[in-house]
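We did not get these values from a lab; they are worked out from the coordinates using the rules stated. Please read all numbers here as calculations on a predicted model, not as lab measurements. We place every Cβ from the backbone using ideal geometry, glycine too, and count neighbours over all the protein chains shown.
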Amino acid sequence: MVKIVIENLAQKELSDVDSSKSILNVLQSHFIDWMHACGGKGRCTTCKMIVVEGMGQLSPPSPAELKYSGLGQLAENERMACQTRALGSCRIRVPEESKLPHMDYTS
Ligand code: FES
């Protein structure tokens, strides 16, 4: 069973994750607000997430992610939620710059 834990959203645990959907879509289907300025088209990076554990469980980087990595806008421990599928379990965090004002983040 694929599971995603969001550390700084009070260790919120999403279980039974659909590996055919982007992580952004999975978050949305669990009613978790996540920044996605370009609408999930791979044209911003506002949907980025910090991957704390399970980087090897994620789908390979998309061309958009490779482009933004090359531009220095995506760190080695970051992925774009709209471009990434969880093939196995992982732990993620919302980066400081992608936090939404109405959400209650934890440490
Ligand atoms: S929402 Fe813009 S790149 Fe993911």
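Quick one: which residue in Gly72, Gly40 is crowded, with 17+ Cβ neighbours inside 10 Å and more than 20 Å from Val5 (Cα to Cα)? None of the others qualify; the one that does is Gly40. Screening Gly39 against (1) more than 13 Å from the ligand (Cβ to nearest atom); (2) in a loop (DSSP other than H, G, I, E, B) leaves a single unmet condition, (1).
Residues that are crowded, with 18+ Cβ neighbours inside 10 Å and in a helix (DSSP H, G or I) are absent from segment 77-93.
Scanning segment 42-74 for residues that are under 19 Å from Glu96 (Cα atoms), within 6 Å of the ligand (Cβ to nearest atom) and more than 11 Å from the chain's Cα centre (by Cα) yields one hit, Cys44.
Out of all the residues in segment 17-26, is one or more among the hydrophobic types (A, V, I, L, M, F, W, C) and away from the ligand (no atom under 14 Å from the Cβ)? Steps first, answer last, please.
To start, the set of residues in segment 17-26 that are among the hydrophobic types (A, V, I, L, M, F, W, C) comprises 17, 23-24, 26.
From what's left, away from the ligand (no atom under 14 Å from the Cβ): 17.
Checking segment 17-26: at least one residue is among the hydrophobic types (A, V, I, L, M, F, W, C) and away from the ligand (no atom under 14 Å from the Cβ).
Scanning segment 19-37 for residues that are more than 19 Å from Asp104 (Cα to Cα) and touching a residue at least 12 places away in the same chain (Cβ under 8 Å) yields Ser19, Ser20, Lys21, Ser22, Ile23, Asn25, Val26.
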